[in-house]
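Each remark here refers to the structure printed beneath this line.
The values are calculated or read from the model by the stated rules, or taken from the named source; none is laboratory data. These numbers were taken from a predicted model, which means no experiment stands behind them. No Cβ is skipped: glycine too gets one built from the backbone with ideal geometry, and neighbour counts run over all protein chains shown.
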Amino acid sequence: MTEDKKKEIIKLVEKMPAFPKSVQRVLEMTSDINCSPRELVAVIEHDPVLVMKILKTVNSAYFGLASKITSINHAVVYLGLNAVKNIALTTVTIGMLPRSNSAGFDTNGFLLHCILAATISKLVAKKQRVPHEEIFDYFLTGLLHDIGKVVFLRFMPEKFKKALELAKDGKQPLHKIERKIIGIDHAQMGYFISARWNLPKTLGEAIRHHHDIIKTDSKKPLHTDYVYIANQLCKKLQAGYSGNFFFQDMPNEMKERFGMGLDEIWAGLEDLDNEIEKSKNFSIM
Amino acid sequence: MKIRFWGVRGSIASPGPRTVKYGGNTTCISVETDGQYQIILDAGTGINVLGQHLLKKLPVKCALFITHTHWDHINGLPFFVPIFIPGNTITVFGAFEPVYKKNIGEILTNQLVYYYFPVREAELKATMRYVTLKERQTVKIGETKVTGILMSHPILDFGYKVEYNGKSMFFTGDHEPPHNIYTPEDEYYKEYEELITQKEQAIIDFISGVDVLICDSSYTTAEYASKKGWGHGTFDSCMELANKANVKNLYFTHHEPMRSDDDIERIYNEIIQTRGNDKVKYFLAQEGLEIDL
């Protein structure tokens, strides 16, 4: 994909609508002046498009922040609840991502995949005793890891449809097929947007590498490892829809960093069923 | 440094016999330093009276700092006579608006359109300039420094610190200390609490030791219970901020529009009785009151 084409897409992404469920909920909640701030934040932070737009705004050069803001709660404290609410409102009034589309992509199922990946990343991070103030970063990476697919769906549905069809049999990973058909994969596309929108570097890098096997001397798990694991656990759980049916086990290097494999990590996650049910509340109409 | 109040009322101009003493005009404060520029904080209806006063000093150079663009802080600007007189220079500073992505010039130009006002911005005779500020960006006006910090209000609000010749003042604009939207049993409660503490500490550090703090005290603590989230502070929250930041003098402002002169003085007298021995000295902002530092 040429640089000009990428720049053109970035402009279009500015006007990208959010997911049907959150559009419906945000419109419903904001029509009541006394809506619960906590519940509104919860709806916003479970929609990848709303989250991207709010983080883009708060991290833009206009504010010149010394350090990046990586959570919706932080954006609320910094900009104020009303500003965050109105950024969400201006996005939801654009319209909504279509529930059915020419690419044959299940939008609601995809949102569930994003939320589950976010939730599982967070749960694994908690299990690994990541400091509590960093936990949301892992949720965020899980939520946004596939944002590139939304771009393909919205702006190049024909090519994406072809890629999705070829990925259906699960013999090849979707991202490799995308590279052949679209010329860029969704991880690279997501990274490109996050870099152009001035989002936190760790987030961008984790999006970029969420299908990669990273070799490093580090004995500690990498940020991107969590979303890799969450992504594969979503497949094992057979919950949600990502368009990708190719299972990639944890590479040995990653197993060493965690001191265990995927099944052991899965077994260690408490309250997973309950978390899956909660995730469904934010995605299923 | 000379500070003068031209409007101390919050939300809506409130003229009448009940508000004669403290005044009914909405927010406008002037700060005189080396005399080259007239520094003005906010353009509520009080700026009209300031404008009349400045007619004796033409031509004038004004640096107008807008805390935020809610009506009671900007709707005096079309009635600020110096903007219609050639030879005057008015530079307006303010924050970027992140929701509709508009800079301060675009927003203020919008209130000078056909359906709101008979004169268009392009027809103003003074030289008008608009400067969008980032948080903590310092504007140097001769030897005077003006710097804004983000406060907490339903729109972006800059509190401004003015420093000159070893003296300093800070005006909050409209400010409600942020409160935790979660309850202690919620997962995010602790994180949110830490974010609030960080923000409050940043404000305290920023205004630490100023000679004069002018602070939004719209409500009493009892009234606040039903006004949470409206974006305004209380007399108590102002005193807490003043004491934590070790300021010398605190002026209560943004008087609630329904509050009469008697009501204001009754609240103030109670404060003096209970807190009169505090290190910080407490005063009521009053239209026409001048502070000489």
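Assorted remarks:
- Considering residues of region A:68-81 that are among the hydroxyl-bearing types (Ser, Thr, Tyr) and facing chain B (nearest Cβ under 9 Å) only, the residue surrounded by the most Cβ atoms within 10 Å (Cβ to Cβ): A:SER71
- Filtering region A:202-236 to residues that are part of a helix (DSSP H, G or I) and without any contact (Cβ under 8 Å) to a residue 60 or more places away in the chain leaves A:GLY204, A:GLU205, A:ARG208, A:ASP225, A:TYR228, A:GLN232, A:LYS235, A:LYS236.
- Count of residues meeting criterion [part of a loop (DSSP other than H, G, I, E, B) and more than 22 Å from B:GLN198 (Cβ to Cβ)] in region A:70-100: 7
- Filter result for B:THR132 (within 20 Å of the chain's Cα centre (by Cα), within 25 Å of A:THR91 (Cβ to Cβ) and outside any loop (DSSP other than H, G, I, E, B)): yes
- Hey, B:THR109 of a type outside the set (A, V, I, L, M, F, W, C), within 15 Å of A:GLY64 (Cβ to Cβ) and not in a loop (DSSP other than H, G, I, E, B) or not: no
- Residue in region B:138-149 that is within 14 Å of another protein chain (Cβ to nearest Cβ), in a strand (DSSP E or B), touching a residue at least 12 places away in the same chain (Cβ under 8 Å) and surrounded by fewer than 24 Cβ atoms within 10 Å (Cβ to Cβ) present: yes
- Here B:ASN103 meets the list (1) in contact with a helix residue (DSSP H, G or I) (Cβ under 9 Å, 6 or more places away or on another chain); (2) farther than 26 Å from B:THR253 by Cβ; (3) within 14 Å of chain A (Cβ to nearest Cβ) almost entirely, failing just condition (1).
- Cross-chain or 6+ apart pairs with Cβ under 8 Å, region A:119-146 first and closer than 20 Å to A:GLY268 by Cβ and not assigned by TED's automatic domain parsing to the domain that holds A:VAL41, then part of a loop (DSSP other than H, G, I, E, B) and aliphatic (A, V, I, L, M): A:ILE120/A:LEU269; A:LEU123/A:LEU269; A:VAL124/A:LEU269; A:LYS127/A:LEU269; A:TYR138/A:VAL130
- Of the helices (runs of 4 or more DSSP H) lying entirely inside region A:118-187, those carrying at least 3 residues that are of a type in the set (Val, Ile, Thr) are A:147-155.
- Selected residue [within 30 Å of A:MET1 (Cβ to Cβ) and of a type in the set (Asp, Glu)] from A:GLU205, A:GLU277, A:GLU264: A:GLU205
- Residue list for region B:150-173, filter: among the hydroxyl-bearing types (Ser, Thr, Tyr) and part of a loop (DSSP other than H, G, I, E, B): B:SER152, B:THR172
- A count restricted to region A:82-101 and to residues that are closer than 17 Å to A:VAL13 by Cβ, at the interface with chain B (Cβ under 9 Å from one of its Cβ atoms) and among the aliphatic types (A, V, I, L, M) stands at 1.
- Scanning region A:265-285 for residues that are surrounded by 12 or more Cβ atoms within 10 Å (Cβ to Cβ) and part of a helix (DSSP H, G or I) yields A:ILE265, A:TRP266, A:LEU272, A:GLU275, A:ILE276, A:LYS278, A:SER279, A:LYS280, A:ASN281.
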